[in-house]
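The values are calculated or read from the model by the stated rules, or taken from the named source; none is laboratory data. From a predicted model like this one, the values you see are computed outputs, not experimental measurements. Heads up, the Cβs are rebuilt from the backbone with ideal geometry, glycines too, and the neighbour counts pull from every protein chain shown.
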Amino acid sequence: MNYTPASIEAKWQKTWSTTKAYEPSDDFSKPKKYVLSMFPYPSGRIHMGHVRNYTIGDAFARYYRQQGFNVLHPIGWDSFGMPAENAAIKHGVHPKKWTYENIATMRGELAGLGLSFSEDREFATSNPEYTAFEQGFIIDMFNRGLLYRKQGFLNWCPHDLTVLANEQVVDGGCWRCGTPIVQKEMYQYYLKISDYAEELLESLKTLEGKWPKQVLTMQENWIGKSYGLEFAFKLDEESEGKLGAVYQSFDVFTTRPDTIYGVSYAALAPEHEIVRHMLSFGLLDEATSDAIKAMQRVSARDRATSPKEGVSLGIHVIHPLTGAKVPVWVANFVLTDYGSGAVMAVPAHDDRDYEFAAKYNLPIKAVIFPSEGELPLGCAYTEAGTLRESAQFSGLDNVTAKASIMDHFEASHLGKKVINFRLKDWGISRQRYWGAPIPLIHCESCGIVPEDKANLPVALPEDVVINGEGNPLEHHPTWKHCTCPKCGKSAVRETDTMDTFIQSSWYFLRYTVKNDYQKALDPAALDYWMGVDHYIGGIEHAILHLLYARFFTKMLRDLGYVNSDEPFEHLLTQGMVLKDGAKMSKSKGNTVDPGELVAKYGADTARLFILFAAPPTQELEWNDSAVEGAFRFLKRFADRSQYVNVTDKLPSIEHSTLSKEEKAARKKVYEALKRAQEVYGERHTFNTMIAGVMEAMNALNEQNNRDVWTEGYWILTSVMEPIVPHICWELSTNLFNGKNFGTQTVREEVFEVEALALGVSINGKNRATIEVGVNESQEAIIEIAKASVEKWIEGKEIVKAIVIPGKLVNLVIKG
């Protein structure tokens, strides 16, 4: 067959689309597979990371269709977000127009790769119909108390003029534009993900062996469960008076109550309510106030890794066990979103506390000592040990002391044992236009009330001015003015829009129904399709998207929408595509245009290279010569089909009558088939499977039996169809009338060993190799061995002949 990828690929892509070859069946009695790759943001053009992600997913989908599964393999567009508004500011194009033009471009590029997506289930998350369903969920969450509004210090991007979650702050900058963020106090809507912290942590156990261990560890650390003691530090009388008797104490949480006798200062976060009170009422000098305000402007993530800084507040608290006065400082390493935003500081036994105390010359008192040796100098001692100078707890090992001290606090009504989580509620408000409106209304009489569901979606107005100056919805002359659905009076819409992670937290559920827009989710379809059997995406989403998607699934379960506990059964995190040792990016000038690659070599070459160059979980280094090699292999694959008999069925071959070369070829073909079955079922190392196919092709070339060629192509085109579908469909149709795609049976007779290769040595020195039948007698083997080394043993006395079964024959001679 003359290999012309352009015409072959156009032909089959048109056929698949016209015949709706890849739409899932509505027959829920069939075994199913739900294969999903993380959907793209429509930024303009696809890149090689997209090609890798979607080719991996497509290989799974095509393989499972061959095995008789009902396969759901959808695609959509994560289409809200700041880049559209940035484009509007830069180029003067409306975000909607920019977004949907990009979708059209990327849709065509993905189709050109021959990806077997369902066309009937495609949607963009900015579609009003999608927004309507989503806003319905949000209203339910608000009514259940799972969505609430409060004021607090938030990460603010002064360039994009929007709030960012902690996870969206990267190296102190906005994850979208890189602008350094500042801390700003304002109102924000939060989802109560903290209510699900325990379940999110515990259910990670159900994903062990199914998700990468690294991802499970990252999620576990982000949720951050810790056990400890919570108690109140009471202000001394003078300090209470200084604060106008507004505060009598503040709470602290510690995981190290065994060190409590070593407390030398207490530290508050810069945003702590006592600190804000002192700033508001002028209770601090100018230098102290300025220092605190400077700390407040730095993100929590950056403060956690910055050099330790702080200032004294000039107030004291009373140690709950010793009654000693303890000075109170503001410290940049104390975070307001962990615990109570206040800590007891024990510099002798905590690295952060030590660095701070050493810098500001604060006391350092050791109370835990190693069993042997001395305390280290110049650093905190954080290992196990025995308590000293700790009243009645002295002499106890620190583990026993920890429990005893917590028991003492509870018995004395001084504090309580608590479980704390690092995970805090998810702030979802964004001050921008191109996002889903939050369906809440501010009424002077009724407060904050949800929009009537009958009025959904609350759609975005299109006549907006986007100039980078604040939220366009806030400045629109009419959009935000409405009627309160509760009392009928004039009211104002919420102008904040939702974090785009909201849309990607449930999109996989929406794919389970067709785009008829009659209802968001169908219980029967959800019960059938969920969870996603194979989810493919980048490791960079390990905390953000995956955690939010897990949370949304559990929350929608509790609201009665779904029955699933976890959304994704198996997770594959593909590695980045590199060129010249660096991640491909326009800024580095090292990108490869997938469109140009497909135009020159064809989609099948791109797919073959991307899956052969490296295992999917590892980084892939771009290699132009390897791309050329993939193209040459496909040309050879097409060319050698001339030796194949046209048939509608697998030829019947009597293996025992074949030549050595013919048997070797059959064995390689079935080895490739076995590898394929292992790859999809266990290892996902497509490169080893493809290597097996190449070995089989080489073995087929060493023989001339047309039946063996025919059997080989019957199997190999089926094995390779998930990888290079266009050429395989062309070959299958021309040679086998399309009858060979399906479950292939391994013929075990090809692996039966009929002869063994044995080494022959004389006095331990290898001299020859012989081939003997597997049932050959030991006497016969020795005679064959003698004959093979006749020139070395002629005239010599053979003292002993040793046969090591399956390995060698050693002849011991004299002279």
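Annotations
- Residue selected from segment 640-682 under the condition within 30 Å of Trp211 (Cα to Cα) and among the small types (Gly, Ala, Ser), by the criterion surrounded by the fewest Cβ atoms within 10 Å (Cβ to Cβ): Gly681
- Figure legend. Inter-residue proximity from segment 687-712: first residues farther than 30 Å from Glu619 by Cα, second residues of a type in the set (Asp, Glu) and in a helix (DSSP H, G or I), beta-carbon distance below 8 Å, spacing 6+ or different chains. Indicated pairs: Ala699/Glu661; Glu702/Glu661; Gln703/Glu661; Gln703/Glu662; Asn705/Glu662; Val708/Glu662.
- Filter pass, Thr685 being surrounded by 15 or more Cβ atoms within 10 Å (Cβ to Cβ) and either outside the structural domain of Gly538 (by TED's automatic domain parsing) or of a type in the set (Lys, Arg) (or both): yes
Rundown of residues vs (1) in contact (Cβ under 8 Å) with a residue 60 or more places away in the chain; (2) within 18 Å of His726 (Cβ to Cβ), yes/no style:
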| residue | (1), (2) |
| --- | --- |
| Ala582 | no, no |
| Val592 | yes, no |
| Lys600 | no, yes |
| Glu621 | no, no |
| Val627 | no, yes |
| Lys635 | yes, yes |
| Ser641 | yes, yes |
| Thr647 | yes, no |
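- Some residue of segment 69-83 being in contact (Cβ under 8 Å) with a residue 60 or more places away in the chain, buried (at least 19 other Cβ atoms within 10 Å of the Cβ) and in contact with a Lys or Arg (Cβ under 6 Å, 6 or more places away or on another chain): yes
- One residue from Val163, Val215, Val169, Val182 being β-branched (Val, Ile, Thr), in contact (Cβ under 8 Å) with a residue 24 or more places away in the chain and either closer than 18 Å to Asn420 by Cα or not assigned by TED's automatic domain parsing to the domain that holds Gly447 (or both): Val215
- Residue among Val799, Val803, Val809 that is in the same structural domain as Ile762 (by TED's automatic domain parsing), modelled with pLDDT under 90 and either closer than 10 Å to Val760 by Cα or part of a strand (DSSP E or B) (or both): Val799
- Residue, nearest to Lys325 (Cα to Cα), within segment 354-372, restricted to residues that are without any contact (Cβ under 8 Å) to a residue 60 or more places away in the chain and not polar (S, T, N, Q): Tyr360
- The number of residues in segment 102-138 being β-branched (Val, Ile, Thr) and within 17 Å of Phe501 (Cα to Cα) comes to 3.
- Qualifying residue in segment 6-20 (condition: under 33 Å from the mean Cα position of the chain (by Cα), assigned to a loop (DSSP other than H, G, I, E, B) and either modelled with pLDDT of 95 or more or farther than 30 Å from Tyr100 by Cβ (or both)): yes
- When residues of segment 42-64 are limited to those that are part of a loop (DSSP other than H, G, I, E, B) and of a type outside the set (A, V, I, L, M, F, W, C), the one surrounded by the most Cβ atoms within 10 Å (Cβ to Cβ): Pro42
- One residue stands out in segment 380-428 among those that are assigned to a strand (DSSP E or B), crowded, with 18+ Cβ neighbours inside 10 Å and modelled with pLDDT of 95 or more: the one that is farthest from the chain's Cα centre (by Cα), namely Leu387.
- Positions within segment 722-747 being more than 18 Å from Gly114 (Cβ to Cβ) and either outside any helix (DSSP H, G or I) or assigned by TED's automatic domain parsing to the domain that holds Val71 (or both), in sequence order: Asn737, Lys739, Asn740, Gly742, Thr743, Gln744, Thr745, Val746, Arg747
- When Thr99, Thr105 are screened for being under 23 Å from Tyr507 (Cα atoms), surrounded by fewer than 23 Cβ atoms within 10 Å (Cβ to Cβ) and either among the acidic types (Asp, Glu) or out of contact with any strand residue (DSSP E or B) (no Cβ under 6 Å at 6 or more places or on another chain) (or both), only Thr105 passes.
- Number of the exception - Tyr196 against (1) assigned to a helix (DSSP H, G or I); (2) hydroxyl-bearing (Ser, Thr, Tyr); (3) exposed (fewer than 14 other Cβ atoms within 10 Å of the Cβ): (3)
- Check on Thr617, part of a loop (DSSP other than H, G, I, E, B), of a type outside the set (D, E, K, R) and not assigned by TED's automatic domain parsing to the domain that holds Trp729: yes
- So Arg149, is it touching a residue at least 12 places away in the same chain (Cβ under 8 Å) and over 27 Å from Asp425 (Cα atoms): no
- Any hit, segment 466-487, residues being surrounded by 14 or more Cβ atoms within 10 Å (Cβ to Cβ), in contact (Cβ under 8 Å) with a residue 60 or more places away in the chain, of a type in the set (Val, Ile, Thr) and closer than 27 Å to Lys96 by Cα: yes
- Single residue of segment 22-41 satisfying the filter (among the hydrophobic types (A, V, I, L, M, F, W, C) and surrounded by 18 or more Cβ atoms within 10 Å (Cβ to Cβ)) that is nearest to Phe123 (Cα to Cα): Phe39
- Unique residue being more than 29 Å from Leu578 (Cβ to Cβ) and among the aliphatic types (A, V, I, L, M) when the list is Ile75, Ile89: Ile89
- Check on Ser226, part of a helix (DSSP H, G or I), of a type outside the set (Phe, Trp, Tyr) and either crowded, with 17+ Cβ neighbours inside 10 Å or at negative phi (or both): no
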